[in-house]
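Structure, as structure tokens:
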Amino acid sequence: MFQTEQEHLIQMINQIALNNISAGDENDVADMVASHVKKFWSRRMKSQLFECVEQGGEELHPAARLAGERLQSETKPLPQ
Amino acid sequence: MLQHFDPRIDHNRDYGTPASLSENLVTLEIDGVEICVPEGTSVMRAAALADINIPKLCATDNLEAFGSCRLCAVQIDGRRGLPASCTTPAEQGMKVWTQNDKLAKLRRNIMELYISDHPLDCLTCPANGDCELQDMAGAVGLREVRYGFDGENHLDAPKDTSNPYFTFDASKCIVCSRCVRACSEVQGTFALTIDGRGFDSKVAAGQDEDFLDSECVSCGACVQACPTATLMENSVIEMGQPEHSVVTTCAYCGVGCSFKAEMKGDKLVRMVPYKGGEANHGHSCVKGRFAFGYATHKDRIRTPMIRDSIDQPWKEVSWEEAIGFAARRLKEIQSEYGRESIGGITSSRCTNEETYLVQKLIRAAFGNNNTDTCARVCHSPTGYGLKTTLGESAGTQTFDSVMKADCVLVIGANPTDAHPVFGSLLRRRLREGASLIVADPRHIDLLDTPHLGDAMHLPLRPGTNVAMVNALAHVIVSEGLEDTDFIAQRCESDAYAKWRAFIADERHAPEAVEAITGVAAEQVRAAARAYAKAPNAAIYYGLGVTEHSQGSTMVMGIANLALATGNIGRDGVGVNPLRGQNNVQGSCDMGSFPHELPGYQHVSDAVARGRFEAAWGVQIDDEPGLRIPNMFDAAIAGHFRAMYVQGEDIAQSDPNTQHVEEALRSLDCLIVQDIFLNETAKFAHVLLPGSTFLEKNGTFTNAERRINRVRKVMPPIAGKEDWEVTVELSNALGYPMNYSHPSEIMDEIAMLTPSFAGVSYDKLDQYGSLQWPCNAENPVGMPIMHVESFPIGKAHFAVTEFVPTTERANRRFPLLLTTGRILSQYNVGAQTRRTENQVWHNEDILELHPHDAEERGINDGDWLGITSRAGQTVLRARISERMQPGVVYTTFHHPGSGANVITTDNSDWATNCPEYKVTAVQVEKVSQPSEWQKSFEDNNQRQQKFLREAAPAGEGR
Ligand code: SF4
Ligand code: SF4
Ligand code: SF4
Ligand code: FES
């Protein structure tokens, strides 16, 4: 009946991308999205985004997927 | 605005006429005493400042002088006659005499006339001891009434007891018209008039209606202004005159009015707005003034309670046991599901100190950043948007600044209902001639302010704010109305160039967006010109801006408008978010958000974090925690399992109720600290009694960044102030907290938060209030922000692309529902529903346009089923021309209304602030409550029973 956690996150990040669409080309938009997610998302939300990217990230806006890839490559591995 | 901090002024005295703000001084002599006052000061006020009290009846210092009673006559050397001192301005070199035989005789004669038509029941009169007529009779030495009491009089005039809070006893009226003037000058409602002439004149409400049926909004200004017992609080009639008072701050809306809580022992007799309050200057609204009865309501939770499952009755336990139980559950859950499996929610209704402690508890004792606040669902976009553009997450002005504005643009706010005391101030300015532009889907009362020449209403479609603000900016740019000097000096040039290129594009022209917003292009152009060309133009906005999928974008669009026209950094201009709850500003300032430590310092900022780590003696997570909606998702997904909620009712106030309920049901341990069994508490395992603002010490920060003291006037009903409960929970969790008074918490806040560095309780007592930033550079705070520079150096124009919400009207859901508030009720209504304010609004109603009603065969008062993709609820209909066709409206003050059963979990892209203001719905006539309402009622009955059955541990079961 409700969105799953991951569906919600995908919706959120796509919305971030759309709202920054005028930042420039896809690269610039991805930068905006990445810095937003970095600043506001929790560790677990980020890791779910990475899972989604790893699964191909088809539901992700292209700039959002790019942002996810960038964040993943610069993120330290999870503690524990 | 210049703060007139004048230690000479005693706010408990009545100086007879208002202060003059002139900078020119004149010196005069009164009864041989020399006194120097600002030009324009009345002789009466000058005398009062010299401690000489001239008798008076029709004058009081929050109203313009009227000169009708003549009791204040004085003799002035070189002038004929005996002029009224209240209407005579002080002049250089004047010599005034306030007492001599001639004056004494005149005054006695006047009093004699008044008293001959006044009941002589002083000993049994509720005003006995607080009656100016009585005082004046004493002051003038009245000894006999030669006219006798048998002549024609008004002694049998009937009482009007229609208002639940005050009585109008016309037999005692001296027709001084103070009430009439208070209603028009101070409140701006014009509900009262003097009917008739001479002996027949009398005070009348509305068209000779009773008070309740008239336009009266029960603000109490007339009651306060009345010098006799004619208009009198019922609580005083019942309890008698108070014997001491304490200055404190209203706990309802973000205006943050100061009040004198007038007491008899530990019983609150009445709340009287305090003239020394910088936010309200002695005015108030019905909520703060009268709706305090909830504090002693029988529904207050008086004992801590616990239970293992929400399907069980409550068990009354000691504080110790409840706290121990809560701490044990939290620790067990963390050890099983990990450090991040628990979190908490701070409250915008609690004090700064309490909010600070809850986030500290979460960051230090829980060891994660899963802290959020209900500001998430109201003004989080303000924080984001203003920080991005202006560099600080706060409004830029004082409330008083509006008195210098020439054009006022109100967007998505309804100040006369939601911020009434500011609404009255704004109305006063509009009566003086400022122009008004309202951008709102609904026709709001402000548009009907009397004497108003040129109110412009832009009735835009819900969800099109950003298209509208872009169109306004487009006109400013394309018609050359920018303040180019301001932009060149004060704004980042690259960002500006980028924004300018974006906004100049023809797709933002009012003509191009007409079809989106539904507002005629010419109207938009006229509004943009009026805003841009006014010498001082100010923007006020509310939740109609923030509670959208583009809330943050809209806040940035508003800041862009102010920057482009140079309307920042002085009196009369600015960007002013009107905050819903009393301490929304404070709860944001205090580090309630998962990504920010107090003072908006990001958790990843190693330097700031390091300071907190050193002071708190723990390591703080450098990654943001969960926001409220993500906590709900995580709870349903099963990895978030416990929550500590202080003073918030997320089950009623958050959108998509069924989703919230499912999340709350998924928790293993929900700890609710509240004054009542609120909706959230029905899902709780631990219920900790909260304390009202009357029962604790602390501070609130209002929408002007003003830090006001909250002072305890009665002991907490369950024995503990809220901050004490948090301290004990922390200690039980093994993280020691040790404070003996909230002032020590404030000292810690000041030490760790740069913008609060100069704040202390001593300084607050000295100055009354302080507007942050208050630090070494601004030792007594900063009334107007960004005067010389921005905290980020130069201001940042943000590109604001319009992205339509996905929540759109379609064939299945053809109408757009938007939500709002009403004057007499406050937020989820837990407090105001437990007061007599219910007489004004005892149910939430769906307003719809006659056209939409006719199409569906709906009549006034019909039961309507309102269905969205999230759920269905049933409300009664009111047909109203305030709405535009296609848009329906309701409030959410009553839990059983289920307004949030229909709102969706759509939210702001940047902050997840829910889109309460746009929900696509269908409306149809029905004959019974919705399924949700039925199950709500069942659950309510069951949980109330669990509460009634609550028994001390081991007893009865
Ligand atoms: S209570 Fe307020 S609104 Fe009502 S009559 Fe008095 S001043 Fe006017
Ligand atoms: S009701 Fe009170 S304030 Fe109004 S005219 Fe009568 S005495 Fe004066
Ligand atoms: S509710 Fe708001 S306007 Fe009314 S008295 Fe309280 S702070 Fe003032
Ligand atoms: S007080 Fe001056 S005329 Fe009444």
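Readers should treat all values here as calculations from the given coordinates under stated rules, not as data from a laboratory. Just so it is clear, the structure is predicted and the values come from calculations on it, not from any experiment. Heads up, the Cβs are rebuilt from the backbone with ideal geometry, glycines too, and the neighbour counts pull from every protein chain shown.
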Inter-chain Cβ neighbour average for residues A:9-17, partner chain, 10 Å: 3
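Evaluate E = 1/(1 + (r/R0)^6) for B:W97 and B:S789, where r is the Cβ-Cβ distance and R0 equals 45 Å; express this FRET efficiency to the nearest 0.05.
The computed FRET efficiency comes out at 0.25.
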Sorted peptide list for B:164-175, B:513-524, criterion being average Cβ within 10 angstrom, highest first: B:164-175, B:513-524
Test item: Cα-centred dipole of the range A:6-65, Lys/Arg +1 and Asp/Glu -1 on Cβ, debye: 420 debye
Beta bridge orientation in the protein assembly as shown: antiparallel %, DSSP, nearest 5: 55 percent
Whole-Hz couplings from phi, Karplus 6.51/-1.76/1.60, listed for the range B:58-68; x for Gly and Pro: 8, 9, 7, 7, 9, 10, 5, 5, 10, x, 9
Reach of B:K298 by Cα under 15 Å, taken over aspartates and glutamates that are not fewer than 8 positions away in the same chain: B:D674, B:E836
For B:M263, B:M271, B:M554, order by how many other beta-carbon atoms lie within 10 Å, fewest first: B:M263, B:M271, B:M554
Full-stretch length increase - B:V33, B:S318 - with 0.36 nm per residue and alpha-carbon distance subtracted: 96.2 nm
P(r) histogram, all alpha-carbon pairs of the range A:5-72 included - 10 Å bins from 0, percent: 25, 61, 13
Peptide-level mean, for B:633-639, of C-beta atoms on other protein chains within 10 Å: 4
Hz values of 3J(HN,Hα) by residue in the range B:537-542 - Karplus curve (6.51, -1.76, 1.60), Gly and Pro given as x: 10, 10, 10, 10, 9, x
Sequence ranges B:229-235, B:208-214, ranked by mean other-Cβ count within 10 angstrom, highest first: B:229-235, B:208-214
Residues whose placed amide H lies under 5 Å from that of B:V317, excluding near-sequence neighbours: B:M305, B:I306
Shielding by partners, peptide B:619-630 (average Cβ within 10 angstrom, other chains): 4
log₁₀ of I(q)/I(0) at q = 0.05 Å⁻¹ - the protein assembly as shown, Debye sum with one point per alpha carbon: -0.32
Phi-based couplings in Hz for the range B:872-880 (Karplus 6.51, -1.76, 1.60; Gly and Pro marked x): 9, 9, 10, 9, 7, 8, 10, 8, 8
Per-pair calculated FRET efficiency, R0 = 35 Å: A:E26 and B:R811 via Cβ, rounded to 0.05: 0.50
Between helix B:380-389 and chain B: long-axis angle, C-alpha atoms, 0 to 90°, nearest 10: 90 degrees
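Can you sort B:T692, B:T699 from fewest to most other Cβ atoms within 10 Å of each residue's own Cβ? Could the numbers behind the result be given before it?
Details: B:T692 21, B:T699 27.
With the fewest neighbours first, B:T692, B:T699 line up as B:T692, B:T699.
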Chain B - Debye-derived log10 I(q)/I(0), Cα point model, q = 0.04, 0.07, 0.10, 0.11 Å⁻¹: -0.19, -0.61, -1.22, -1.43
Extension gain from B:M751 to B:T161, taking 0.36 nm per residue of separation minus the Cα-Cα distance: 207.1 nm
B:E336 paired with B:R869, simple spin-label distance in nm, labels 7 Å along Cα-to-beta-carbon: 3.6 nm
Relative counts (whole %) of C-alpha pair distances in the range B:25-99, using bins that are 5 Å wide: 3, 19, 32, 27, 16, 3, 0
Computed E for B:Q619/B:K267 - FRET, C-beta separation, R0 45 angstrom, nearest 0.05: 0.40
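Helix-derived [θ] at 222 nm for chain B: sum -39500 (n - 2.57) over DSSP H runs of at least 4, divide by residue count, nearest 500? Spell out each step's value before the answer.
On the way: 30 runs with 276 residues, N = 957.
Counting only the DSSP helices, I get -8000 deg cm²/dmol.
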Residues B:I745, B:I866, B:I333, sorted so that the one with the fewest Cβ neighbours within 10 Å comes first: B:I333, B:I745, B:I866
Farthest positive-ward along the protein assembly as shown dipole, Cα basis, beta-carbon charges - from B:V926, B:Q646, B:P742: B:P742
Residues of type lysines that B:K105 reaches as a straight line, Cα spacing below 30 Å, ignoring anything fewer than 8 places off in the same chain: B:K56, B:K95, B:K172, B:K202
Residues of the range B:497-515 with amide N under 15 Å of a point placed 7 Å along Cα→Cβ from B:R529: B:510-511
Other-chain or far-sequence residues with amide H under 5 Å of B:G16's (modelled H): B:D61
Burial ranking of peptide ranges B:913-926, B:678-691, B:585-598 (average Cβ count within 10 Å, highest at the top): B:585-598, B:678-691, B:913-926
Amide hydrogen neighbours beyond the local backbone of B:T41, cut-off 5 Å, H modeled: B:A90
